[in-house]
Structures are given as structure tokens and as C-alpha cells.
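Comments concern the structure below.
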Amino acid sequence: MRILVADDERLLADTIALGLRRAAMAVDVAYTGAQAIEKIQVNRYDVAVLDRDMPDGTGDDVCRWIGERRLATRVLLLTAACGVYDRVEGLGLGADDYLTKPFAFAELVARVQALARRTAPALPPVLERDGVVLDVARRTASRDGRELALTHKEFGVLHALMRAQGQAVTTEDLLEQVWDENADPFSNVVRVTVSTLRRKLGEPQVVQTVPRAGYRVGLP
């Protein structure tokens, strides 16, 4: 999942981003509404978590901007205002969900995950292919009944490959889906992560390199 967090409270924005990254999401951060729109113009996001009260373009403005362009990005609005009218107003702007501050972080993660699932074709909660089983909700992975201890990035790469259902996924797509805007597109981070993932998955190799196309999950 690629997520945008926009909040002018820098500590809160950075804390939310850190927590979402620990849940194996790729997260970019903006501190103003204008920054948020700039990033959305460059990157494709599954979910935008927007504070309603930002300088230089509020979360409402960004939400409206997304809706006017009919982007697939889902919007979760954050606000300190907890009245019914405020929630109704926020949803009326085109937001997909609404969460008041302070909030339980586990709830935020659950809401972001639920919204992200709505941006992609429906898939079963447990993905299986050639002995590899990936439980997205529980964040567990196994092969032939053997539990795998994967890092956040290894899990993210495996998730992206499993979602593709045997089709090749390019290095660029893996960078976009699993890493964030700070990732160096000229680095070998994807190749290294795929290498360690292959080692943990064991033999026979189930993550295949597709020349000039990327990687796919499936036995040769």
C-alpha cells in the first residue's frame, strides 16, 4: 500500500507515518495542503490521511481536489472536531472515512487498511500460490507449512508479487508499492530484498526473475 499522510503537526504526522510503515505500508508525508497536492500529482496513493486544519490548503481542499479529478485515492479525514455536523460535513466533501483526534492508533491502521482494500480488485484475505501462504490481516507468511520470519519490506514485496497472481511485477512498481519517495530509484534495494526473500522461502525457488519485466511468484 502507498499512503500519504498530511498534517501540519509535524510530530504527529511523522509518528503516524512511522506506525504505518511498521504495518508494512509505504508512506510519504506532507505538512501543508499544497505539499499534499504536489505529491499526489507525482505519486499514486491508495489512501490519503488528511488533517482538516492545515495551512496553505486544508485537508478539505485536498479532498475536494482529489474528488474533482476522480482519482482512485481514498481519503481519511482527521480532525479535532467531533460533532455530528463536522463528520457529516467532512463526508459530504467526498471523504471515504472520518476519524477524530485523539484516536487509537490501531483503529487508524485498521481504517487505512480497509480503505486501501477498496482501491484494488477484491482479493481473498489469505493468498496462496505454489505452497506459499500469505495472511495479510495477521501479517504472517509460510511455505509448505513452515512459518517465515520476514521483515516489513520482504513481506511487502511478497504481498505485491502474490497480489499479481503470477504476473510479472516491475522493479519500479515494487519501489512504488513497498517503499516511499525517499527510496533511491537507482539503488539495488529491490534486488537485495528479493534475494533475502528467496533465501527465506527456500528451495525450489518460487520467486522468479522475468527478463526485462521484473519478478513473479510461481514455480518454473
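The values are calculated or read from the model by the stated rules, or taken from the named source; none is laboratory data. Here the structure is a predicted model, which means the values were calculated and not measured. Backbone-built Cβ (ideal geometry, glycine too); neighbour counts: all protein chains shown. Note: areas computed on protein heavy atoms with side chains; ligands, DNA, RNA excluded. Shrake-Rupley method; radii C 1.70, N 1.55, O 1.52, S 1.80 Å.
Observations
- Residue selected from segment 203-215 under the condition of a type outside the set (F, W, Y) and open to solvent by less than 60 Å² (accessible area, probe 1.4 Å), by the criterion nearest to H152 (Cα to Cα): V207
- All positions within segment 13-33 that are touching a helix residue (DSSP H, G or I) at 6+ places or on another chain (Cβ under 9 Å), small (G, A, S) and open to solvent by less than 10 Å² (accessible area, probe 1.4 Å): A26, A30, G33
- Residues of segment 106-132 that are within 16 Å of the chain's Cα centre (by Cα), at pLDDT 85 or above and surrounded by 13 or more Cβ atoms within 10 Å (Cβ to Cβ): L108, V109, A110, R111, V112, Q113, A114, L115.
- Scanning segment 65-80 for residues that are more than 18 Å from D8 (Cβ to Cβ), part of a loop (DSSP other than H, G, I, E, B), of a type in the set (A, V, I, L, M) and touching a Ser or Thr at 6+ places or on another chain (Cβ under 8 Å) gives a single hit, A72.
- Scanning segment 180-202 for any residue that is under 16 Å from D130 (Cβ atoms), out of contact with any helix residue (DSSP H, G or I) (no Cβ under 6 Å at 6 or more places or on another chain), open to solvent by 30 Å² or more (accessible area, probe 1.4 Å) and touching a residue at least 12 places away in the same chain (Cβ under 8 Å) turns up at least one such residue.
- Filtered residues of segment 152-170 (kept if over 17 Å from the mean Cα position of the chain (by Cα) and open to solvent by 50 Å² or more (accessible area, probe 1.4 Å)): Q165, Q167
- If you check D173, D135 for being of a type in the set (D, E, K, R), within 22 Å of the chain's Cα centre (by Cα) and within 27 Å of V29 (Cα to Cα), only one passes: D173.
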